[in-house]
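To keep things clear, I will list the structure first and then write my remarks on it.
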Amino acid sequence: MIAFLVVGVSSTTFAQKKEKNKGKEKEAKAIERPEKVGHAATDDFVNSSFNLYEKNQKVAAQLSDAANSVSDAEGIKKDLDGQMEEVKGLLGKSKDVLTEAKGITPKTNSMKAVKAVNAATKALNETQKNIPGQLEAIKNQGATE
């Protein structure tokens with residue numbers, strides 16, 4: 001009898017915790033492009049990073065519409081391979097751009113630049129994380145033809 005009571009209380013508690021955490025789960029949210037900071041190297045890095053991120057988001061949307069994307073799977077694959085190389089190059093530059101952004105004066109502009117570089121780096125990391133799954137989706141679509 002005690003065992004049933006313990007199991008019942010445990011199940012109820014677990015269900016309540018699960019329901020409570022359900023609302024806290026994060027949804028994939030697009031990363032917003034920051035405003036220009038007025039520093040050429042920083043703005044160029046941020047623009048290149050977000051252009052690539054947005055291009056990758058379009059590919060993701062294209063791949064989610066399987067009927068239309070299968071016809072150009074090879075072109076999309078080639079584009080994704082190019083994106084991966086571009087991501088690697090930009091991520092390699094991110095540390096230098098961040099260091100330069102930290103040296104901008106006045107300090108308020110520096111903080112804005114650092115925030116923009118961090119957002120761009122986050123966008124690049126997200127793009128880099130998405131590409132293998134997108135390549136796999138192309139491979140799977142090709143297998144179903």
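Residues are listed down the side, and each one gets a yes or a no for (1) among the charged types (D, E, K, R); (2) under 21 Å from the mean Cα position of the chain (by Cα):
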residue: Glu74; (1), (2): yes, no
residue: Asp81; (1), (2): yes, yes
residue: Gly103; (1), (2): no, no
residue: Lys115; (1), (2): yes, yes
residue: Thr121; (1), (2): no, yes
residue: Leu135; (1), (2): no, yes
- Task: Can you run down the residue pairs with Cβ atoms below 6 Å, 6 or more apart or on separate chains, where the first is in the range 92-107 and over 14 Å from Thr121 (Cβ atoms) and the partner is of a type in the set (A, V, I, L, M, F, W, C) and modelled with pLDDT of 95 or more?
- Result: Ile104/Ala113
- Item | Residue match in the range 105-124 (condition: at pLDDT below 95, exposed (fewer than 13 other Cβ atoms within 10 Å of the Cβ), out of contact with any strand residue (DSSP E or B) (no Cβ under 8 Å at 6 or more places or on another chain) and part of a helix (DSSP H, G or I)) | yes
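The values are calculated or read from the model by the stated rules, or taken from the named source; none is laboratory data. Here the structure is a predicted model, which means the values were calculated and not measured. Ideal geometry is used to build each Cβ from the backbone, glycine not excepted, and the neighbour counts take in all protein chains shown.
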